[in-house]
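Take a look at the structure set out below.
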Amino acid sequence: MAKDEVMETGGGGDFAAKDYTDPPPAPLIDAAELASWSLYRAVIAEFIATLLFLYITVATVIGYKHQTDPAVNSAADAACGGVGVLGIAWAFGGMIFVLVYCTAGISGGHINPAVTFGLFLARKVSLVRALLYMIAQCLGAMCGVGLVKAFQSAYFVRYGGGANTLAAGYSKGTGLAAEIIGTFVLVYTVFSATDPKRSARDSHVPVSTTCHAMPSGHRILSGK
């Protein structure tokens, strides 16, 4: 009998229902979903979240490049100026934390087409929802970057829009591999955090206690 169907509760062969609920797979195409306001509210949430994410993070990168530009600042200021790589990481991570917290109850807090596409392949969202999410995310990203360019046009052009570039000594293949690994870790983390089995009692490795008799009559307990 499959482990995810029943759970043994005692040594006498008693079984109980599993202590988690697997949601049913989402339909491939759900026409009724198009008439639901919750879908469009979720799409709007994805658009706004992605817009804010790109606006804050790209502006942070451009600001860091300007503060560390030796052509603008003195050598000492350029060497010690800016938020640093750690500050940029905090900007990305902090924005993801805040935006996912704010939108998780509305849209699921995807904020990334890779996450949406992965959830679609796993039948967690329908094709209609996935397409609308990805369109909203791409439009939100373009609008967020557009706001940065509108407010900081000169810096945006001078520093290449804050786009990432390969560091010296690394090939394009290495950069591609880094992007693949990073995206895998992101999507894997989302699936792990939303897996209903993570809080189930039968999802953990059981530890049995065995009693060993000693020659002197004493007993010790050991786990295995």
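The values are calculated or read from the model by the stated rules, or taken from the named source; none is laboratory data. The structure presented is a predicted model; accordingly, all values stated were derived computationally and were not measured. Because the Cβ atoms are built from the backbone with ideal geometry, glycine has one as well, and the counts that use them run over all protein chains shown. Keep in mind that these areas ignore ligands, DNA and RNA; they rest on the heavy atoms of the full protein, side chains included. Shrake-Rupley method; radii C 1.70, N 1.55, O 1.52, S 1.80 Å.
Sorting 21-28, 115-122 by their mean Cβ neighbour count within 10 Å, with the most densely packed peptide first, gives 115-122, 21-28. Solvent-accessible surface of the range 19-172, averaged per residue with a 1.4 angstrom probe and all protein chains in place: 58 square angstrom. With θ taken as phi - 60° and the Karplus curve 6.51 cos²θ - 1.76 cosθ + 1.60 applied, the whole-hertz 3J(HN,Hα) list for the range 151-166 is 7, 10, 4, 5, 5, 4, 6, 5, 10, x, x, x, 5, 6, 10, 5 Hz, x standing for glycine and proline. Out of every Cα-Cα pair that the range 83-127 contains, those further apart than 12 angstrom amount to 66 percent. Using a simple spin-label model with pseudo-atoms 7 Å out from Cα toward Cβ, W37 and D22 lie 3.5 nm apart.
Whole-Hz Karplus values for the range 37-43 come out as 5, 4, 5, 6, 5, 5, 5 Hz, taken residue by residue from phi with 6.51 cos²θ - 1.76 cosθ + 1.60 and θ = phi - 60°; glycine and proline positions read x.
Taking label points 7 Å from Cα along the Cα-to-Cβ direction, A177 and Y101 give a separation of 3.7 nm.
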